[in-house]
1. Assign one of three labels to the stretch 45-120, namely rounded, prolate or oblate, based on the Cα gyration tensor with a ≥ b ≥ c the square roots of its eigenvalues; rounded applies when a/c is under 1.5, prolate when it is not and a/b is larger than b/c, and oblate otherwise.
2. Apply the a/c threshold of 1.5 to the C-alpha gyration tensor of the chain and tell me whether it is rounded, prolate or oblate.
3. Between beta-carbons, use under 11 Å as the cut-off and find the net charge around residue 65, counting Lys and Arg +1, Asp and Glu -1.
4. Go ahead and estimate [θ] at 222 nm for the chain from helices alone: -39,500 (n - 2.57) per DSSP H run with n ≥ 4, summed, over the residue count, rounded to 500.
5. Within a Cβ distance under 13 Å of residue 137, other residues only, what is the Lys/Arg minus Asp/Glu net charge?
6. Sequence neighbours fewer than 8 away in the same chain don't count; with that in mind, list the lysines whose C-alpha is under 16 Å from residue 100.
7. Could you list 32, 27, 117 so that the one with the fewest beta carbons within 10 Å of its beta carbon is first and the one with the most is last?
8. Scan the chain and note any complete DSSP helix (H) whose C-alpha atoms cover at least 20 Å along its axis and whose Kyte-Doolittle average is -0.5 or more.
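Where a number appears in this text, it was derived from the coordinates with a stated rule and is not lab data. Please read all numbers here as calculations on a predicted model, not as lab measurements. A quick note on method: Cβ atoms are made from the backbone with ideal geometry, for glycine too, and the neighbour counts reach across all protein chains shown.
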Amino acid sequence: MRGPEEGHRERLPKFDLRSNQGWIDSYGTIPYRIRYSITTSDIVSDKDPGRNMITPNTGGGFSLSVFIHKSVPKHFRQAVLLHELKEAEYMYGEERLEQKEAHKKAAQEADSYAQKYLSQDEYRAYKEWKSTLIDPFSVS
């Protein structure tokens with residue numbers, strides 16, 4: 001992404017999450033079709049609400065599966081999905097970062113996204129909600 005000094009601001013995506021599951025044909029440099037699911041699966045929890053992983057397709061090949069816990073407030077789900085997509089893009093796309101670094105960069109971008117697209121009150125609530133979550137990489 002170019003910096004503001006170059007007079008360009010990346011256009012951030014807005015995903016249609018009205019359905020609890022669906023497909024996103026592509027995102028950035030992720031080399032897979034993407035399936036998202038808003039769920040109560042054991043893969044995610046109310047304290048660790050987002051996860052992405054490569055999963056096999058029934059007809060062959062692979063997809064990126066993104067899981068978002070159903071407890072995530074609806075107006076925060078865009079930011080959680082963006083976090084998981086950016087993390088996956090950093091890991092599986094052109095950059096090939098380690099997960100810890102990909103997670104850190106994705107968290108920063110999701111926060112910027114939330115700050116841009118949520119109202120001030122919603123963003124404050126988002127930051128408060130986010131402070132209650134487990135960061136899997138902060139545990140030593």
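1. Values: a/c = 2.22, a/b = 1.38, b/c = 1.61.
It is oblate, given that a/c is not under 1.5 and a/b is not larger than b/c.
2. Numbers: a/c = 1.40, a/b = 1.12, b/c = 1.24.
Verdict is rounded for the chain.
3. On the way: positive: 33, 35, 51; negative: 84.
Taking every other residue near residue 65 into account, the sum is +2.
4. Details: 3 runs with 46 residues, N = 140.
Estimated from H runs of four or more residues: -11000 deg cm²/dmol.
5. Working: positive: 100, 104, 105; negative: 48, 87, 98, 101, 135.
With Lys, Arg at +1 and Asp, Glu at -1, the neighbours total -2.
6. 86
7. Working: 32 18, 27 21, 117 15.
Starting with the residue having the fewest Cβ neighbours, the order is 117, 32, 27.
8. Working: long enough: 77-92 (22 Å, -0.44); 99-117 (26 Å, -1.80).
Span-like helices in the chain: 77-92.
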